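Q: Next up is a structure, given as structure tokens.
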Amino acid sequence: MNKQLEPEVQFDCISIGIKLYDYFDGFKREEIQLFSYFSSILFFYTRNPINDGDWKYKFIIDDKGFPFSQELNLAIDQHLVNGHFEEKGHFFTVTARGMKVFNDIKDFNYFSNREKAINAACTTSILVSYEKTERALLNDKEIKRKVKIEKNPLIEQEFIYQKVLEISKKIGAPLDDLIIPAVSWINYLLLTEAENENE
Amino acid sequence: MNENELLTNICEFYPIKITRAFDNDKKAITALEIIGKELIELFNFFEPAHFKGKFFVIKNLDDNFILPEKDGQLITLNKDILLNKNNDDIIIQVFNDRNLFLWEGIDVSDFLTAEKTLIYKFENDKEFFIANKEEINITEHSYGSRFSNEFWELDSILNKYKNSKIRKSSCPIFNKAWFDKNRIFFKGGGKGIPEDFMQQSLKNFLDDLEIFKGEIGQFEPAREHILGASKPVDIIVTWGKSNRIALIEIKWLGKSKNKTGKIKSTHTNSRANEGCSQLKDYFELAKTDYPNKIIKCYLVVIDGRRWQTNETTQTISLCNGMHYSNKDLEINADKKYWETYPNMEKPTRMFVEPICENN
């Protein structure tokens, strides 16, 4: 808890939390992790490598098969301690204070590309459905393959991004938009899911 | 599936079809995003499965009014007026600033062919997008909307509960409701026996589901109403943000025995009819207590009926044990409230199999 967290990870955490709360009435730790991971892949679309650098934190695959970042986990704890999130049964919700904090920072230019990526990732869960988005991301063939070889492997986001980009280009998706690449990628994972199971 | 088939399938997905219908205009993607988010918000006040008219949400790509502004009503801050809409055709236009205008009683042909406009349509439990005059079916559930599936999800969960926990008495809490190991008689004779086991079993099942975001509790009618209700409804599920509550009443059919092995109660088909009436009463109370909530009422009937049993029965043949397995409940015409009230679901019968003798 004493570790100084980067502002990016705190921003991602509250931005995703608010969207999942808005759309689905609550969220869990692993859902914040999952959507941050998906956002980190889409972020490559937007980033200016000179100004934006990288996503700032990495993910491993945890024992339950979810992407996990220790920094993000600490950020969730910090938002709970600061009263931005609160626990309600099995789920977290965002408090009025949390909403205010996000409203104060959401338009900072510094976070704008992260916000675009987060928005696309979370909007996918509306357009495709939350259950399917989660299932698709967790059953990604590359992730499953890595888990078989290694315990808690590190996810190579850029490698997955290249595949998202390839699919987007092949279907002729507009390159200045994130939502169509995001929903196409999820759809691709769902369509290939059955084939993966048979392998 | 080869690569071409895969790509063709991806392109059949509705967001991509919409974008293509508008020649990859980025404003179409924004319109889709805005409508999707707005539907989630609007369905906090409006249950499509209860609605008998046509419901449209439209977004003009250039943010112009599609219908005369003077005939519309700004509802951005009072979406709750949708709570009591059940029949009339409703048209809502959403704007980039998330303002919402409502029109009623408009001829739909006035806007269905509007240029540069994305239209969402809900009618008869089917949903569509109309993109540049191309109708795209996006129906995913047998009723209601893919953008608001609380009741549909609860229905699916009850079915799952029936098959995975009740049919074979696989739930250890429910299993305690049986008097005998062959599951011929329920326990009876104590306060809340065997009902408490059944209620607790379903509560635990809902509580343990990681995906289920409803909150489980008990319906406590306001003080003046408890005088009219013989007992509280068994389970209430509330969804905080989506403004919905579900009332679940559980009834059981079959025979129960007290500790000494005497038949305590015999509950027949008429018990299901009583349950229908009771649930309708709860619905009326709940409407008064929760005037701003969207309510759905479920009657769960645990069917433990066995054919030709008496106090001395200890084993049962397959034929007698399964006699009622496919016999649906007979609900009197005046108790079929689900035919009149969209808020009342048809009873869900859950037959529980006994352990039968080898034939």
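Q: In nm, to one decimal, how far is the B:Glu134 label point from the B:Asn24 one, both placed 7 Å along Cα→Cβ?
A: 1.4 nm
Q: Now, a different point. On the full set of protein chains, 1.4 Å probe, figure out the accessible area of A:Leu42 and give it in Å² to the nearest 10.
A: For A:Leu42, the solvent-accessible surface is approximately 0 Å².
Q: Now for a separate question. To the nearest 500 deg cm²/dmol, what mean residue ellipticity at 222 nm is calculated for chain A from DSSP H runs of n ≥ 4 alone, each contributing -39,500 (n - 2.57), summed and divided by the residues? List each step's numbers first, then the result.
A: Numbers: 9 runs with 127 residues, N = 199.
Calculated at 222 nm, the ellipticity per residue is -20500 deg cm²/dmol.
Q: Using only protein heavy atoms and a 1.4 Å probe, report how much of B:Ser277 is accessible, in Å² to the nearest 10.
A: It works out to around 30 Å².
Q: Could you please put A:Arg29, B:Arg20 in sequence from largest to smallest accessible area, using a 1.4 Å probe? Please list the in-between numbers first.
A: Working: A:Arg29 75, B:Arg20 110 Å².
These residues rank, largest area first, as B:Arg20, A:Arg29.
Q: Determine the order of B:His323, A:His84 by accessible area, beginning with the largest, at a probe radius of 1.4 Å.
A: Numbers: B:His323 55, A:His84 25 Å².
The ranking, largest first, comes out as B:His323, A:His84.
Q: Of the chymotrypsin sites (Phe, Trp or Tyr not before Pro) in the range B:17-118, which ones lie in a loop per DSSP and count no more than 16 other C-beta atoms within 10 Å? Please list the in-between numbers first.
A: Values: sites: B:Phe22, B:Phe43, B:Phe45, B:Phe46, B:Phe51, B:Phe55, B:Phe56, B:Phe65, B:Phe95, B:Phe101, B:Trp103, B:Phe111; in loops: B:Phe22, B:Phe43, B:Phe45, B:Phe46, B:Phe51, B:Phe65, B:Phe95, B:Phe111.
When the chymotrypsin sites (Phe, Trp or Tyr not before Pro) of the range B:17-118 are filtered for loop state and at most 16 Cβ neighbours within 10 Å, B:Phe65, B:Phe95 remain.
Q: While we're looking at this one, here's another question. Just how much of B:Cys319 is accessible, in Å², when a 1.4 Å probe is used and the result is rounded to the nearest 10?
A: About 100 Å², ignoring ligands and nucleic acids.
Q: For chain B, set up a GNM with springs between Cα atoms under 10 Å and report which of B:Pro48, B:Pro172, B:Pro68 has the largest fluctuation.
A: Top of the fluctuation ranking is B:Pro68.
Q: 7 Å from Cα along Cα→Cβ at both B:Asn258 and B:Leu83: what's the point-to-point distance in nm?
A: Modelled inter-label distance: 4.8 nm.
Q: List, in order, the whole-Hz ³J(HN,Hα) value for each residue of the range B:279-286 obtained from phi through the Karplus relation with A = 6.51, B = -1.76, C = 1.60 and θ = phi - 60°; use x for Gly and Pro.
A: 5, 4, 4, 4, 4, 5, 5, 5
Q: Related question: Select from chain A the helices, each a whole stretch of DSSP H, whose alpha-carbon atoms run 27 Å or more along the helix axis and whose Kyte-Doolittle mean is at least 0.0; answer none if there are none. Provide the component values of the computation, followed by the final result.
A: Working: long enough: A:179-198 (30 Å, 0.32).
Helices passing the filter in chain A: A:179-198.
Q: For A:Ser39, B:Ser270, write out the residues from largest to smallest accessible area, computed with a 1.4 angstrom probe and no ligands counted. Don't skip to the answer; put the middle values down first.
A: Numbers: A:Ser39 0, B:Ser270 60 Å².
Largest to smallest exposure gives the sequence B:Ser270, A:Ser39.
Q: Here is a follow-up. Among B:Thr312, B:Thr19, B:Thr238, which one shows the biggest mean-square fluctuation in a GNM of chain B, springs joining Cα atoms closer than 10 Å?
A: Residue with maximal mean-square fluctuation among B:Thr312, B:Thr19, B:Thr238: B:Thr312.
Q: Skip the ligands, DNA and RNA, and give the accessible area per residue of the protein assembly as shown with a 1.4 Å probe, whole Å².
A: Working: 25270 Å² over 558 residues.
In whole numbers, the protein assembly as shown has 45 Å² accessible per residue.
Q: Then there is this: Extending each Cα 7 Å along its Cβ direction at B:Ser142 and B:Glu339, get the distance between those two points in nm, one decimal.
A: My value for the distance between the label points is 1.9 nm.
Q: Where in the range B:265-332 are there chymotrypsin sites (Phe, Trp or Tyr not before Pro) that are in a DSSP coil and have at most 16 other Cβ atoms within 10 angstrom of their Cβ?
A: Numbers: sites: B:Tyr282, B:Phe283, B:Tyr298, B:Trp307, B:Tyr324; in loops: B:Trp307, B:Tyr324.
Listed in order of number, the matching sites are B:Trp307.
Q: If you don't mind, another one. Name the residues whose placed amide hydrogens come within less than 5 Å of the amide hydrogen of B:Leu100, ignoring near sequence neighbours (fewer than 5 apart) on the same chain.
A: When sequence neighbours closer than 5 places are left aside, the close amide H contacts are B:Ile75, B:Thr76.
Q: As a quick test, which of the pairs A:Lys19/B:Lys37; A:Lys144/B:Lys17; B:Lys54/B:Lys79 have an alpha carbon distance above 19 angstrom in this structure? Spell out each step's value before the answer.
A: On the way: A:Lys19/B:Lys37 10 Å; A:Lys144/B:Lys17 30 Å; B:Lys54/B:Lys79 17 Å.
A:Lys144/B:Lys17, as the Cα separations exceed 19 Å there.
Q: What total accessible area, in Å², is buried where chains B and A meet, using a 1.4 Å probe and rounding to the nearest 100? Working shown, then result.
A: Values: alone 17950 and 10400 Å², together 25270 Å².
Between B and A, the summed buried area is about 3100 Å².
Q: List the pairs from B:Lys241/B:Lys287; B:Lys203/B:Lys251; A:Lys64/A:Lys146; B:Lys52/B:Lys296; B:Lys160/B:Lys335; B:Lys255/B:Lys327 whose alpha-carbon separation is above 20 Å, in the order I gave them.
A: Details: B:Lys241/B:Lys287 18 Å; B:Lys203/B:Lys251 15 Å; A:Lys64/A:Lys146 14 Å; B:Lys52/B:Lys296 16 Å; B:Lys160/B:Lys335 26 Å; B:Lys255/B:Lys327 17 Å.
In this structure, B:Lys160/B:Lys335 exceed 20 Å between Cα atoms.
Q: Would you tell me the mean number of C-beta atoms belonging to other protein chains that fall within 10 Å of each C-beta in A:169-179, as a whole number? Working shown, then result.
A: Values: counts 0, 6, 9, 6, 8, 6, 0, 1, 7, 1, 8.
Rounded to a whole number, the mean comes out at 5.
Q: Can I ask one more? Restricting the count to DSSP beta bridges whose residues both fall in the protein assembly as shown, what percent are antiparallel, rounded to a multiple of 5? Please report the intermediate quantities before stating the final value.
A: Values: 46 of 67 bridges.
Taking every DSSP beta bridge with both residues in the protein assembly as shown, the antiparallel ones total about 70 percent.
Q: Under a straight-distance cross-link criterion of Cα-Cα below 18 Å, which aspartates and glutamates are reachable from B:Lys259, leaving out those fewer than 8 residues away in the same chain?
A: Once the sequence-local aspartates and glutamates are set aside, what remains near B:Lys259 is B:Asp180, B:Glu195, B:Asp196, B:Glu311.
Q: Next question, about the same structure. Which percent of Cα pairs goes in each bin when the distances of chain B are cut into 10 angstrom slices starting at zero?
A: 5, 21, 25, 19, 15, 10, 4, 1
Q: Count the DSSP beta bridges whose two residues both fall in the range B:227-359, then state the antiparallel fraction as a percent rounded to the nearest 5. Before the final figure, lay out the partial values.
A: Working: 9 of 24 bridges.
Percentage antiparallel, nearest 5: 40.
Q: Which whole-Hz ³J(HN,Hα) couplings does the range B:88-94 yield from phi under the Karplus relation 6.51 cos²θ - 1.76 cosθ + 1.60, θ = phi - 60°, glycine and proline marked x?
A: Values per residue, Gly and Pro as x: 5, 5, 10, 10, 10, 9, 10 Hz.
Q: Check which residues have an amide H placed less than 5 Å from B:Asp180's amide H, if you skip close sequence neighbours.
A: B:Phe185
Q: Just to confirm the filter: which trypsin sites (Lys or Arg not before Pro) across the range A:137-199 are DSSP coil and have at most 10 other Cβ within 10 angstrom of their Cβ? Mind showing how you got there, number by number?
A: Values: sites: A:Lys141, A:Lys144, A:Arg145, A:Lys146, A:Lys148, A:Lys151, A:Lys163, A:Lys169, A:Lys170; in loops: A:Lys151.
For trypsin sites (Lys or Arg not before Pro) across the range A:137-199 that sit outside H, G, I, E and B with at most 10 neighbouring Cβ atoms in 10 Å, the list reads A:Lys151.
Q: Output wanted: per-residue J couplings in Hz (rounded whole) for the range B:263-273, from phi through Karplus 6.51 cos²θ - 1.76 cosθ + 1.60, θ = phi - 60°, x for Gly and Pro.
A: 4, 9, 9, 10, 10, 9, 3, 4, 4, 5, 5
The values are calculated or read from the model by the stated rules, or taken from the named source; none is laboratory data. Because the structure is predicted, anything quoted here is derived from the model rather than measured. Note that we place each Cβ from the backbone using ideal geometry, even for glycine, and neighbour counts take in every protein chain shown. SASA here: full protein model, heavy atoms, side chains in, ligands and nucleic acids out. Shrake-Rupley method; radii C 1.70, N 1.55, O 1.52, S 1.80 Å.
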